[in-house]
Amino acid sequence: QGYRAEMDNPAMLILMPPVLRNRKDVLFGNMPEIYDFHNKIFLHSLESCLGAPERVGFCFLDRVEDFQMYEKYCQNKPRSESLWRQCSESTFFQECQRKLEHKLGLDSYLLKPVQRLTKYQLLLKELLKYSTSCDGVQELQEALVAMLDLLKSVNDSMHQISITGYDGDLSELGKVLMQGSFSVWTGHRKGPTKMKDLARFKPMQRHLFLYEKALVFCKKREEHGDGYDKTSSYSFKHFLKMNAVGITENVKGDHRKFEIWYSGREEVYVVQAQTVDLKMAWLNEIRKIL
């Protein structure tokens, strides 16, 4: 209220930098929507559990769709931060902060929804710790899984919005199921790639995004900014349509490697994960699609 409403206050207009005018939706994203959800709906359902805390899991499951609004908030965050950096020193923000008698600047409050999102799963884990054999324990468990899924989904989509150079609409490739960094060797001839041939070459470092319909290869660009402002970008290199992909699960010489081949082994990619567990998680997701 102390900042957003002031952006519509005619008396404050003179203090507002031009770049900020009519841009409160960029600065605040859908924070009003998140606020209304908590104020009018979620808080009340949590309060109804005061006498029966084991019902908290049910509150989360009942509203699981609504929590998607956090994803929208996080996706807007880079735009919001960029705008904030341009005018954080302005008299307008200083004046708002003075009136509110806040020690912290607006950016600390804009970070709250992002922090809140990571706290839910901690809260549910704590509740589970004390709820071994009571009613509602299964709902608590399911709520925890739902919140961890949401965190992963937000994290994946945050990486995805940093992909540059893709000619087309990434949303047409379906949902991002996995993303992560790998060492990749490439062979472009039919027939099995001889491992000793590949071993001579230095692998490329690639950031892979597994969508429902395609596997996208990107090169990670250096991070800039500091603290939570750090942003990486990913330059698009190429993609493989999932309907023409095949996998070989084991590659001689290293348990962390697997092979992805394309349209009848015309292109072969040997991919090395950082751990065997990570490799297995990716293979499981790829298998589901195939």
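The values are calculated or read from the model by the stated rules, or taken from the named source; none is laboratory data. Keep in mind the model is a prediction, meaning the values are calculated, not measured. Counting neighbours? That spans all protein chains shown, and the Cβs are built from the backbone with ideal geometry, glycine included. Surface accessibility is based on the protein's heavy atoms, side chains included, excluding ligands, DNA and RNA. Shrake-Rupley method; radii C 1.70, N 1.55, O 1.52, S 1.80 Å.
Gln121 - would you say it is open to solvent by 30 Å² or more (accessible area, probe 1.4 Å) and either part of a helix (DSSP H, G or I) or under 26 Å from Gly2 (Cα atoms) (or both)? Spell out the reasoning first.
On the way: open to solvent by 30 Å² or more (accessible area, probe 1.4 Å): no; either part of a helix (DSSP H, G or I) or under 26 Å from Gly2 (Cα atoms) (or both): yes.
So Gln121 does not fit the description; no.
So for segment 199-214 (the condition being crowded, with 17+ Cβ neighbours inside 10 Å, at pLDDT below 90 and not assigned by the TED database to the domain that holds Arg85), does at least one residue qualify? Spell out the reasoning first.
Taking segment 199-214 and keeping what is crowded, with 17+ Cβ neighbours inside 10 Å, we get 206-211, 214.
Pick out the ones that are also at pLDDT below 90 and you get none.
Within segment 199-214 (the criterion being crowded, with 17+ Cβ neighbours inside 10 Å, at pLDDT below 90 and not assigned by the TED database to the domain that holds Arg85), the answer is no, since none of the residues qualifies.
With respect to Cys74, determine if the residue is of a type outside the set (S, T, N, Q), assigned to a helix (DSSP H, G or I) and open to solvent by less than 20 Å² (accessible area, probe 1.4 Å). Show your work before the answer.
Working: of a type outside the set (S, T, N, Q): yes; assigned to a helix (DSSP H, G or I): yes; open to solvent by less than 20 Å² (accessible area, probe 1.4 Å): yes.
Yes: the conditions hold for Cys74.
Being open to solvent by 30 Å² or more (accessible area, probe 1.4 Å) and either within 30 Å of the chain's Cα centre (by Cα) or closer than 11 Å to Tyr3 by Cβ (or both) is the filter here; which residues of segment 89-102 pass it? Write out each step before concluding.
Applying the first criterion (open to solvent by 30 Å² or more (accessible area, probe 1.4 Å)) to segment 89-102 yields 89, 91, 94-95, 97-102.
Glu89, Glu95, Gln97, Lys99, Leu100, His102 - these are the residues of segment 89-102 that are open to solvent by 30 Å² or more (accessible area, probe 1.4 Å) and either within 30 Å of the chain's Cα centre (by Cα) or closer than 11 Å to Tyr3 by Cβ (or both).
Which residue, of Tyr35, Tyr3, is assigned to a loop (DSSP other than H, G, I, E, B) and out of contact with any Pro (no Cβ under 6 Å at 6 or more places or on another chain)?
Details: Tyr35 fails: assigned to a loop (DSSP other than H, G, I, E, B).
Unique residue meeting the criteria: Tyr3.
Just give me the residues in segment 22-37 being open to solvent by less than 40 Å² (accessible area, probe 1.4 Å) and either touching a residue at least 60 places away in the same chain (Cβ under 8 Å) or farther than 15 Å from Cys87 by Cα (or both), in sequence order.
Going through segment 22-37, the residues open to solvent by less than 40 Å² (accessible area, probe 1.4 Å) turn out to be 26-30, 34, 37.
Across segment 22-37, the qualifying residues are Leu27, Phe28, Gly29, Asn30, Ile34, Phe37.
Can you name the residue in segment 46-66 that is open to solvent by less than 30 Å² (accessible area, probe 1.4 Å) and in a helix (DSSP H, G or I) and is also farthest from Ser153 (Cα to Cα) among such residues?
So the first thing to find is which residues in segment 46-66 are open to solvent by less than 30 Å² (accessible area, probe 1.4 Å), and the list is 49, 52, 56-57, 59-60.
In the following step, the residues that additionally are in a helix (DSSP H, G or I) were identified as 56-57, 59-60.
Values: Val56: 22, Gly57: 20, Cys59: 20, Phe60: 17 Å.
Taking the candidates together, the pick is Val56.
Quick one: Val19 ticks every box in (1) closer than 25 Å to Gln138 by Cβ; (2) exposed (fewer than 15 other Cβ atoms within 10 Å of the Cβ); (3) in contact (Cβ under 8 Å) with a residue 12 or more places away in the chain except a single one, so which number is it?
(1)
So, of the residues in segment 152-172 that are closer than 26 Å to Asp277 by Cβ and among the hydrophobic types (A, V, I, L, M, F, W, C), which turns out to be modelled with the lowest pLDDT?
As a first pass, look at segment 152-172 and keep what is closer than 26 Å to Asp277 by Cβ: 152-160, 162-163.
So of that shortlist, the ones also among the hydrophobic types (A, V, I, L, M, F, W, C) come out as 154, 158, 163.
On the way: Val154: 89, Met158: 83, Ile163: 91.
The extreme case among them is Met158.
In this structure, is Glu89 assigned to a helix (DSSP H, G or I) and out of contact with any Ser or Thr (no Cβ under 6 Å at 6 or more places or on another chain)?
Values: assigned to a helix (DSSP H, G or I): no; out of contact with any Ser or Thr (no Cβ under 6 Å at 6 or more places or on another chain): yes.
In short, no.
Confirm whether Ser183 is surrounded by 15 or more Cβ atoms within 10 Å (Cβ to Cβ), closer than 18 Å to Tyr234 by Cβ and at pLDDT below 90.
On the way: surrounded by 15 or more Cβ atoms within 10 Å (Cβ to Cβ): yes; closer than 18 Å to Tyr234 by Cβ: yes; at pLDDT below 90: no.
No; evaluated as a whole, the condition is false for this residue.
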